[in-house]
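The values are calculated or read from the model by the stated rules, or taken from the named source; none is laboratory data. Remember, predicted model here, so these are calculated numbers, not experimental data. Cβ placement follows ideal geometry from the backbone for every residue including glycine, while neighbour counts extend to all protein chains displayed. Side chains included, ligands, DNA and RNA excluded: accessible areas come from the protein's heavy atoms. Shrake-Rupley method; radii C 1.70, N 1.55, O 1.52, S 1.80 Å.
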Amino acid sequence: MNAETSLRPADFVYPMFVVNGSNIRRPVASMPGVDQVSVDEAVEQARAARDAGVRAVLLFGLPDSKDPAGTQSCDPGEAVQRACGELKKSVGDVTVITDVCLCEYTDHGHCGVLADDGEVDNDATLPLLAATAVSHVDAGADIVAPSAMMDGQVAAIRAALDSSGHSNTPVMGYSAKYASVFYGPFREAADSAPQFGDRRSYQMAPTQRREAMREIEADIAEGADWIMVKPALAYLDVIHEASERFDHPLAAYNVSGEYSMIKAAAANGWLDEKRAALEALTAIKRAGADLIITYFAIDAARWVSQTG
Ligand code: PBG
């Protein structure tokens, strides 16, 4: 009766890592409870999420082969595109969001293509991200979420969607995405660690708060329907400020390292997993997030509806 903040299953988005093949559930060692899954298993996971009250999943795709330009990222036969089709066919009431980035598809592991000097080439990457987004929506994705942090990526994707008959498909910008050590476990899950250097030329420095507001403003000006702050727990101030300043729906990404820390402490008996996870998720919601992308989504949905 007195609670100012409450969590609902529909607040959560469940991320999934989809691989080619069938019948595959390959555990990610650094993220207990998270697997790389083939499309058939992704359908099962999405059903479990839906049955727990979760209304949306976020898909990452892992190709069998990589190259410098990440060309597999827009192949209609790849895992993520096939997953979009199967999910819409089999679990149609779950919203399918796809992560749009090249880092899982490039052999160097960067989020864009490289210029001759070895730096990421922002503008040359934009058409590739746009083609990837269109291929996801052609395959059935409901929302695309560009995470490469290339300047102009939302505008490029919006224009490409509009001119390919997808003007009703929303774009969720990973607007304020920091260069964070907390992505470490994800890079094992998505096999996307940069083979040299780091992502600091395109992701934001943790010192920046006002710059995050400018990044969000830019995404909104480019046509983003959703905005996002990522990671969540180390950036609650940024989430809060964004929620006060902008009227757009705001997502927060409770990233892999934030998940793994709780899992590891719980496995050692140092923290109560359920209470730690729910306290962290409550903090993210209290800070102002409308939607929380979290690997705890299914468990947390069961916990908050007291069925798990
Ligand atoms: C792709 C991408 C990353 C994450 C989401 N999309 C990794 C990165 O930027 O290195 C991280 C998610 C997580 O840690 O859970 N660019």
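Among bridges DSSP assigns within the stretch 1-148, what percent are antiparallel (round to 5)? Don't skip to the answer; put the middle values down first.
Working: 4 of 23 bridges.
In the stretch 1-148, approximately 15 percent of DSSP beta bridges are antiparallel ones.
Report Rg(Cα)/(2.2 N^0.38 Å) for the chain, keeping two decimals.
Details: Rg = 18.0 Å, N = 308, 2.2 N^0.38 = 19.4 Å.
Relative to the 2.2 N^0.38 Å estimate, the chain comes out at 0.93.
Using the Karplus curve 6.51 cos²θ - 1.76 cosθ + 1.60 with θ = phi - 60°, work out ³J(HN,Hα) for each residue of the stretch 13-24 in order, rounded to whole Hz, and write x for Gly and Pro.
10, 9, x, 9, 10, 9, 10, 6, x, 9, 6, 10
For the stretch 9-307, what is the charge dipole size about the Cα centre, in debye to the nearest 20, if Lys and Arg each add +1 at the Cβ and Asp and Glu each add -1 at the Cβ? Mind dumping the intermediate values first?
Values: 25 positive and 43 negative charges, 193 e Å.
Once rounded to the nearest 20, the dipole reads 920 debye.
Pull up the DSSP beta bridges for the stretch 9-307 and report the antiparallel fraction as a percent, rounded to 5. Could the numbers behind the result be given before it?
Values: 4 of 37 bridges.
Bridges in the stretch 9-307 are about 10 percent antiparallel.
Tell me the label-point distance for the pair N2, R286, using the 7 Å Cα-to-Cβ offset, in nm and rounded to one decimal.
Spacing of the two 7 Å Cα→Cβ label points: 1.4 nm.
For the chain, what % of the accessible area comes from carbon and sulfur atoms, probe 1.4 Å? Spell out each step's value before the answer.
Working: 6060 of 12610 Å².
Percent of accessible area from carbon and sulfur atoms in the chain: 48.
In percent, what relative contact order does the stretch 9-307 have, based on Cα pairs under 8 Å that are 6 or more apart in sequence?
After rounding, I find 19 percent.
Can you find, among Q36, A267, T95, the residue farthest towards the positive end of the dipole of the stretch 9-307? Put +1 on the C-beta of Lys and Arg, -1 on that of Asp and Glu.
Result: A267, furthest along the dipole toward the positive end.
Based solely on its DSSP helices, what 222 nm [θ] is calculated for the chain when runs of n ≥ 4 H residues each add -39,500 (n - 2.57) and the sum is averaged over all residues, nearest 500 deg cm²/dmol? Intermediate values should be presented prior to the final figure.
Working: 10 runs with 117 residues, N = 308.
Using -39500 (n - 2.57) per qualifying helix, the result is -11500 deg cm²/dmol.
When ligands, DNA and RNA are left out and all protein chains stay put, how many square angstrom of accessible area per residue does the stretch 9-307 have with a 1.4 Å probe? If you can, show how the numbers build up before the last one.
Working: 11640 Å² over 299 residues.
Computed with neighbouring chains in place, this is 39 Å² per residue.
Compute the relative contact order of the stretch 73-206 as a whole-number percentage, counting only Cα pairs closer than 8 Å that sit 6 or more residues apart in sequence. Intermediate results must be reported in sequence, preceding the final value.
Values: 207 pairs, mean separation 35.5, N = 134.
Relative contact order for the stretch 73-206 comes out at 27 percent.
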